[in-house]
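These notes concern the structure reproduced below.
The values are calculated or read from the model by the stated rules, or taken from the named source; none is laboratory data. Since the model is a prediction, treat every value here as computed from it, not as a measurement. Here the Cβ positions follow ideal geometry from the backbone for every residue, glycine too, while neighbour counts run over all protein chains shown.
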Amino acid sequence: MKKKFTENQLNNLNQKELIKLVLSQQKELEELDNRFQKFMEEIAVANRQRFGRSAESFEPDGQISFKEVDGTVVFFNEAEAVCDEEAKENPAPIARKPRPKGKKQADISKLEVVSTSEYYMTEDELSDIYNDEGYKRLPDEIIKRYYFVPAKVGIEEIHIGVYSGKKSDRIVKAKFPAYLMRNSLVSPSLEAGIINAKYVNAVPLYRIEKQFEADGLDITRQEMARWTIASAERYLSVLYDHLHERMYQYHVLHADETPVLVNKDGRDAGSKSYMWVYKTGRLYNNPIVLYEYQKTRKSDHPREFLKNFSGICVTDGYQVYHTIEKEREDLKIAGCWAHCRRRYDEALKAMSKGSQKESLAYKALVMIQAIYDEDNKLKELPPEERLSRRQLTVKPLVEAYFTWCHEHESRISSKNKTGKGIEYSLNQEKYLKVFLDDPYVPLDNNSAEQSIRSFCIGKKNFVMIDTISGAKASAIIYSLVETAKANNLNVYEYMKHLLTVIPNHMDDHNTDFCESLLPWSDSLPEECKKKK
């Protein structure tokens, strides 16, 4: 318990004792202030996660200035660089974006006219209006609107010729497409519809069941789960494995993971499982997105998945990737600037509006935004030119930011968000600079996070993921769905095509046929491609 001093005791202390007492009180007050600031940040972050927007956009005012000091480019004159008081007092009016001319007509021009209604007046009605004056017919006024027909399920009959010899018992059948499941009513079109509803639109199986029930169909969620798991395990996994091999041909990958609850996995209730996602670099054409279900977050899983990959993997700073990098010479890990800025963003939102622009968090965000702005200008350049321009214009900004971090490292507590942001940056400095030396490496890992978002939205509605087989099936299907979306395909038509074609190749000794099923293949039917 802290000793309490009376007024007389304080009057009797000598100068040395008073100095020691004041210094100790200052230290305690500083620690108390840091704890209070951390507490307020945690409350602000919790409130923002619960009630606020998830966006982390940051738009600093004015221009961003840098200056060379002793051969090093540093951030210069932050207050004047980021604040234009005159513009703040007299903001320019926000210009409303004009609607492009002809957009409405262009949107509907690709749609077929499926219903036409006609409304005309009779001769008697016209005579009553115009009397002896007479009338003439003008061009019709035409009103256009969308015509919607709800989905309907019917029966598809497949007639197969069966033949028998007149003098023998030999029976043969005509060749016919392979079925998905023997003695089952499920078809490629129906299963594709279930996949589209569940994995694209995040509709839980019980709601799909209710919709079928409203249409007079007795299709239970248990049947849909069995059909979907079987389709993924037997057929869609073939293309998944082919895409996995294809992914090794790329030089840059993204990786991320998110927790998921699988109740029946042989462990205690509430044990966390993980869905890992890997995506080809966003600066490449023909993107591939692959999910992988695993019980844990151990390094064994990315180690196995990436064992035949040689190149650069962009991650969020999770240590297991750095561990794997140390084991290999042909794998390099790149850091994520979005995670670098996130702690500053959280710190800024925990402050009052009036104190934000004077804070270190604001200054850090300004510098990181300058790096993003400069690099975004290079997106459309050829790789070689992008690399040289990064060295010329982006690298000085990066070096300036880390110089600033080193200067403030010892001046601020690592317990609050700003201090954690500086600490994270310095710990990840090696990985955050990798993009400067490779034109195909982006600044952040947002591409992987965006790909895993669909899974995060839909995972609360899962029934199938209650088991390990359901979780693995979901990983396969999400992989093909997200890869199709990334390549601008119609997911329903593409899944229907896959479930029609793949069953006919189950006796093949190789997967060469998968080349014609890749999302960018010219062999895909036109209906699989979204109309532009």
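Some observations on this one:
- Qualifying residue in the stretch 329-350 (condition: aliphatic (A, V, I, L, M), farther than 21 Å from residue 444 by Cα and surrounded by 20 or more Cβ atoms within 10 Å (Cβ to Cβ)): yes
- When residues of the stretch 238-268 are limited to those that are assigned to a strand (DSSP E or B) and charged (D, E, K, R), the one modelled with the lowest pLDDT: 264
- Index of the failed condition, residue 495 passing every other in (1) of a type in the set (A, V, I, L, M, F, W, C); (2) free of Cβ contacts under 8 Å to residues at least 24 places away in the same chain; (3) surrounded by 21 or more Cβ atoms within 10 Å (Cβ to Cβ): (2)
- Residue match in the stretch 168-177 (condition: surrounded by 14 or more Cβ atoms within 10 Å (Cβ to Cβ) and in contact (Cβ under 8 Å) with a residue 60 or more places away in the chain): no
- Positions within the stretch 490-532 being hydroxyl-bearing (Ser, Thr, Tyr) and either in a loop (DSSP other than H, G, I, E, B) or under 26 Å from residue 109 (Cα atoms) (or both), in sequence order: 492, 494, 511, 521, 523
Let's see how each residue does on (1) assigned to a loop (DSSP other than H, G, I, E, B); (2) surrounded by 15 or more Cβ atoms within 10 Å (Cβ to Cβ); (3) out of contact with any Pro (no Cβ under 9 Å at 6 or more places or on another chain):
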position	(1), (2), (3)
155	yes, no, yes
166	yes, no, yes
186	yes, yes, yes
190	no, yes, yes
194	no, yes, yes
198	no, yes, no
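- Candidate set from the stretch 398-427 (those that are in a helix (DSSP H, G or I) and polar (S, T, N, Q)); member that is nearest to residue 350 (Cα to Cα): 418
- Only one of 209, 191 that is under 19 Å from residue 220 (Cβ atoms) and without any contact (Cβ under 8 Å) to a residue 40 or more places away in the chain: 209
- Just so you know, in the stretch 468-483 the residues that are hydrophobic (A, V, I, L, M, F, W, C) and more than 14 Å from the chain's Cα centre (by Cα) include one that is nearest to residue 521 (Cα to Cα), and it is 480.
- Some residue of the stretch 507-529 being within 20 Å of the chain's Cα centre (by Cα) and modelled with pLDDT of 95 or more: yes
- Selected residue (only one of 283, 331 is in the same structural domain as residue 469 (by TED's automatic domain parsing), of a type in the set (A, V, I, L, M, F, W, C) and in contact with a Cys (Cβ under 7 Å, 6 or more places away or on another chain)): 331
- Those residues of the stretch 380-403 which are touching a residue at least 40 places away in the same chain (Cβ under 8 Å) and within 22 Å of residue 285 (Cα to Cα), in sequence order: 383, 384, 386, 387, 390
- The stretch 244-259, residues that are surrounded by fewer than 21 Cβ atoms within 10 Å (Cβ to Cβ) and in contact with a His (Cβ under 9 Å, 6 or more places away or on another chain): none
- Some residue of the stretch 170-177 being over 30 Å from residue 491 (Cβ atoms), part of a loop (DSSP other than H, G, I, E, B), of a type outside the set (S, T, N, Q) and not assigned by TED's automatic domain parsing to the domain that holds residue 218: yes
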